Amino acid sequence: MKSKFLAAAGVAAALGVSAIALAQQPPAVTPMTPEMNPSYNFTRPDADFIRREVMIPMRDGAKLFTVIAMYKGAKNAPILLSRTPYNAGRATARMGSQKLVDILPVMDAEFVNDGYIRVYQDIRGRTKSEGEFVMNRPIIGPLNKTTVDESTDAYDTIDWLVKNVPETNGNVGITGSSYVGFTALVATINPHPALKASVPQSPMVDGWMGDDWFHNGAFRQPNFDYVTSMTTDAGDNGDVARGMGDDYLTFLNAGSAGDYAKKYGLEAYPFVQKMFQNPAYTAFWSEQAVDKWLKDKPLTVPTMLVVGQWDQEDSYGAPKVYHTLEPKDANNDKLSLVIGPWRHSGVNYAATELGWYKLPGDTGLEFRTRYMKPFLDHYLKGAPNPKTPPVLTYASGINKWDESKAWPMGSATPLYLQANGALGWAKPSAGADGHDDYVSDPAKPVPFMPRPVHMRDANAWRTWLINDQRFVSGRTDVLEYVTPALDADLHIMGEPMVSLFAATTGTDADWVVKLIDVYPDEDTYQPDTAGLQMGVAFEIFRGRYYKDFAKPQAIKAGKIEEYKFGLPNVDHVFRKGHKVMVQVQSSLFPLYDRNPQSYVPNIFFAKPGDYKKATQSIYRSASAPSSVILPVVK
């Protein structure tokens, strides 16, 4: 019997083509041949890189999807690792190019061009990784009785990489922003010996006190979109199906945050239930705070903590961890804090401007090349010690980097609220009395950005903290206090603190304080900023927690109480001729859910009848001297 090859050869001879050519032809297709191809390897032979996909085993048997990318010919190379919930495969195939710098995120170019191996990994339960996803998985302990957490997964990953990537020199650094900053920070807990340095950027540290989920007890409603996109299944998903209308009206018409969740089918999500069932700062939240995990651990991995001054999502974590770890840095050489002129994760992109605010160059690229890369080169490549400053901050207002030995650098100096909307350094004199009132109406909350509000508009979301605040001027539920024009520059470096003496006719209240730089009304050289009210630092405080974050209680109507809380850390110069403004209000909607202003056990489940107008009184008397305490550099 003739073989299939000989039979094909006979046919080929009759047609005048070779048998080999015929055998290499793709299979015959018909009009009804199914169209789906099983896969496509975009890495072509002419690519300048090697890209490997591997499944790395963890100690409990789960395997995590990992992508390893490097230039062809790499050897004796350090590894820069990121452990992400945001799709490692997509992060390493950005443009489908045959050039390494094009398939990787923008911030990677400086590193891979200097011989680094870049590794991205899907954390457990996300995208192509095995295992179960738990949001900000707690460290092994009271809240996690398993044998694995993000620290052990980082350890096992690093162990595999240094043993199975022949091109590496055995030194690993870890970095990333937001959730990836969280995993970069947690990797320093019981770290692998090969982990030589960590650069957590905007890490999620305490989701109740001041990062993603709440701020001082006030719930952040964009969380709902995050939950549906992250936890619908292991892949990438969409946001809540609320349409493209004005978010202000959408959330207002829905009612409470609980009513909104019910309307859009979110009650079935476990993480939504975790938030709804734990509105106060109980052990559920406090034992998940990363700064508390680090408190009793030695500082063994050199760590550079990075955050943006206008970080609209995670402004709290990096400074908090710095203050937790700084006492362990005996020689002031293993820990540094960086505060740059950026929005959330802005350090990793072209950072030449933030909304209307123009910078004199690409501050993200400048930081990465002048500070971050030399820091990593020293620990991962044996380069000379760059003597990274313990604190590196960017002085907005005058646009320059400040290198400092400690943080804060400024001295606490109260700026007092005064009569007739004035703001000044003089404390109210003995016998002075007075207060300013406004009516806070939950049916007409103060918007946190100009309407129509579109929180999914990336440009609007990224820049709202630095917005011109004149859009709320004239509202009767916003108080404004302003200094005279400054006769000299006023430089602040640290965390401004609020000491607000207030009373309400309700039994609960939110207090919002904004620190603002008011530009001169006329400016020959910058007419587009004339009179602009630049956001410097904002924060909210939910009144029911004025005595104990873990034990909310009703506020006694009419009683003056002191509400103390911090604003985000800043390095800012109010220029000569500018004014300092403080705004006080009782809502930032729909970023934060509305306070009904009548005490209910759980605001998530407030009913329409619970939302009531209240008169808020802000005191500026000798016995109740409301102030914003600025960290002034003298």
Kindly check whether there is at least one residue in region 206-217 that is crowded, with 23+ Cβ neighbours inside 10 Å, of a type outside the set (A, V, I, L, M, F, W, C), in contact (Cβ under 8 Å) with a residue 12 or more places away in the chain and in contact with a Ser or Thr (Cβ under 7 Å, 6 or more places away or on another chain). no
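Condition check ((1) part of a loop (DSSP other than H, G, I, E, B); (2) of a type outside the set (D, E, K, R)) across all residues:
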| site | (1), (2) |
| --- | --- |
| 227 | no, yes |
| 233 | yes, no |
| 240 | yes, yes |
| 268 | yes, yes |
| 276 | no, yes |
Mind counting the residues in region 79-98 that are surrounded by fewer than 18 Cβ atoms within 10 Å (Cβ to Cβ) and closer than 22 Å to residue 168 by Cβ? 1
Just one listed residue, out of 346, 317, is within 21 Å of residue 401 (Cα to Cα) and touching a residue at least 24 places away in the same chain (Cβ under 8 Å), and it is 346
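Each row is one residue, and each column tells you yes or no for (1) without any contact (Cβ under 8 Å) to a residue 60 or more places away in the chain; (2) touching a Lys or Arg at 6+ places or on another chain (Cβ under 7 Å).
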{"position": "471", "(1), (2)": "yes, no"}
{"position": "480", "(1), (2)": "no, no"}
{"position": "489", "(1), (2)": "no, yes"}
{"position": "530", "(1), (2)": "yes, no"}
{"position": "542", "(1), (2)": "no, no"}
{"position": "546", "(1), (2)": "yes, no"}
{"position": "564", "(1), (2)": "no, no"}
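Listed here are the residues, each with its yes/no results for (1) surrounded by 17 or more Cβ atoms within 10 Å (Cβ to Cβ); (2) at pLDDT 95 or above; (3) among the aromatic types (Phe, Trp, Tyr).
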position	(1), (2), (3)
6	no, no, no
9	yes, no, no
22	no, no, no
77	yes, yes, no
101	yes, yes, no
Say whether the condition of being assigned to a loop (DSSP other than H, G, I, E, B), out of contact with any strand residue (DSSP E or B) (no Cβ under 8 Å at 6 or more places or on another chain) and farther than 25 Å from residue 533 by Cβ is met by at least one residue in region 563-585. no
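Results for (1) of a type in the set (D, E, K, R); (2) modelled with pLDDT under 95; (3) surrounded by fewer than 19 Cβ atoms within 10 Å (Cβ to Cβ), shown as yes or no for each residue.
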| position | (1), (2), (3) |
| --- | --- |
| 229 | no, yes, yes |
| 241 | no, yes, yes |
| 246 | yes, no, yes |
| 251 | no, no, no |
| 262 | yes, no, yes |
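Of all residues in region 314-335, how many are assigned to a loop (DSSP other than H, G, I, E, B) and out of contact with any Asp or Glu (no Cβ under 6 Å at 6 or more places or on another chain)? It would help to see each step written out before you state the result.
Of region 314-335, the ones assigned to a loop (DSSP other than H, G, I, E, B) are 314-316, 329-334.
From what is left, the residues that are out of contact with any Asp or Glu (no Cβ under 6 Å at 6 or more places or on another chain) are 315, 329-334.
Count: 7.
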Counting only residues that are out of contact with any helix residue (DSSP H, G or I) (no Cβ under 7 Å at 6 or more places or on another chain), under 18 Å from residue 581 (Cβ atoms) and not polar (S, T, N, Q), how many does region 479-530 have? 23
Among residues belonging to region 266-303 that are among the small types (Gly, Ala, Ser) and at pLDDT 95 or above, point out the one that is surrounded by the most Cβ atoms within 10 Å (Cβ to Cβ). 289
So which pairs qualify, if the first residue must be in region 32-59 and modelled with pLDDT under 90, the second must be surrounded by fewer than 12 Cβ atoms within 10 Å (Cβ to Cβ), the Cβ gap must be under 6 Å, and the two must be at least 6 apart or on different chains? 42/96
Which one is surrounded by the fewest Cβ atoms within 10 Å (Cβ to Cβ) among residues in region 402-439 that are among the polar types (S, T, N, Q) and within 30 Å of residue 390 (Cα to Cα)? 411
Output the number of residues of region 471-507 satisfying the condition of being of a type in the set (Gly, Ala, Ser) and assigned to a strand (DSSP E or B). 4
In region 599-634, which residue that is touching a strand residue (DSSP E or B) at 6+ places or on another chain (Cβ under 8 Å) and not in a strand (DSSP E or B) is modelled with the lowest pLDDT? 634
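I'm trying to understand the selection: among the residues of region 509-524, which are assigned to a loop (DSSP other than H, G, I, E, B) and surrounded by fewer than 24 Cβ atoms within 10 Å (Cβ to Cβ)?
Taking region 509-524 as the starting set, the residues that turn out to be assigned to a loop (DSSP other than H, G, I, E, B) are 509, 519-524.
Result: 519, 520, 521, 522, 523, 524.
The values are calculated or read from the model by the stated rules, or taken from the named source; none is laboratory data. Since we're looking at a predicted model, the values are computed, not measured. Cβ coordinates were reconstructed from backbone atoms using ideal geometry, including for glycine residues, and neighbour counts include every protein chain displayed.
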